[in-house]
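Take a look at the structure below.
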Amino acid sequence: MGTHREAGMDEADGGAHGDVARIERAMVSMRRSVTRRTLARLAGARADQGGGPAFEVLDVVEAAEEAGERVGVRAVADALRVDQPRASRLVTAAVAAGWVRRGADRTDGRRAPLAVTPAGRVALDEAHALRRAVVERVTADWSDGERAEFARLFTRFTEGFRELGRDG
């Protein structure tokens, strides 16, 4: 298997290939370093704040509610890219934590749309504050324009990923 240099992906190549390689490496670095435990440590919060894999269910339900969509176990599985049994266990854990509740679907009794509970809202507010505190620390020496441009481009980048996920 060749190295980045052999494949022509060296950063020194400049141009689009060098930029793509830098973005790819930044993605890998971010995936490795941006964990709940790391975010909590950087924000000076408890390492368990925002609480484990089941918390991801809460993020998914919140996003669906913000989009005006109903979400159940299948949508959670799709959003988290896990199989349905795993998503079901995560939803059960989120319900047990008091973060989400299962509703009843009037048209299909097999479906149970999920909703954020008041306790879930508190947990989300704490998680948002924690994440934002870290972003503020990381970008503290950036100008307002740099922050705005990064927000625009990073949002566009993540939306591109979301679109790819819908196509595939």
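The values are calculated or read from the model by the stated rules, or taken from the named source; none is laboratory data. Keep in mind that what you see is a predicted model, and the values were worked out from it rather than measured. FYI the Cβ positions are ideal-geometry reconstructions off the backbone, even for glycines, and counts take in every protein chain you see. Just so you know, the surface numbers come from the protein's heavy atoms only, side chains and all, with ligands and any DNA or RNA stripped out. Shrake-Rupley method; radii C 1.70, N 1.55, O 1.52, S 1.80 Å.
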The condition from (1) open to solvent by 50 Å² or more (accessible area, probe 1.4 Å); (2) out of contact with any strand residue (DSSP E or B) (no Cβ under 7 Å at 6 or more places or on another chain); (3) under 21 Å from residue 53 (Cβ atoms) that residue 134 misses is numbered (1)
So residue 90, is it closer than 30 Å to residue 24 by Cβ, modelled with pLDDT of 90 or more, assigned to a helix (DSSP H, G or I) and not polar (S, T, N, Q): yes
Against the definition (at pLDDT below 90, of a type outside the set (Ser, Thr, Tyr), out of contact with any strand residue (DSSP E or B) (no Cβ under 7 Å at 6 or more places or on another chain) and within 17 Å of residue 128 (Cβ to Cβ)), how does residue 56 come out, yes or no? yes
Look through 117, 107 and report the one residue that is without any contact (Cβ under 8 Å) to a residue 60 or more places away in the chain and either open to solvent by 80 Å² or more (accessible area, probe 1.4 Å) or among the aliphatic types (A, V, I, L, M) (or both). 107
Mind listing whichever residues of the stretch 66-82 are out of contact with any Leu (no Cβ under 9 Å at 6 or more places or on another chain) and surrounded by fewer than 17 Cβ atoms within 10 Å (Cβ to Cβ)? 66, 67, 68, 69, 74, 78, 81
With the structure loaded, tell me whether residue 161 is open to solvent by 90 Å² or more (accessible area, probe 1.4 Å), part of a helix (DSSP H, G or I) and farther than 17 Å from residue 62 by Cα or whether it fails that test. yes
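Would you point out which residue out of 121, 152 is of a type in the set (Lys, Arg) and within 25 Å of residue 53 (Cβ to Cβ)? Steps first, answer last, please.
Working: 152 fails: within 25 Å of residue 53 (Cβ to Cβ).
Result of the check over 121, 152: 121.
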Across the stretch 137-149, what is the number of residues that are modelled with pLDDT under 95 and open to solvent by 100 Å² or more (accessible area, probe 1.4 Å)? 1
Do you know which residues across the stretch 63-79 are assigned to a helix (DSSP H, G or I) and more than 16 Å from residue 124 (Cβ to Cβ)? 73, 74, 75, 77, 78
Go through the stretch 93-104 residue by residue and tally those that are part of a helix (DSSP H, G or I) and surrounded by fewer than 17 Cβ atoms within 10 Å (Cβ to Cβ). 1
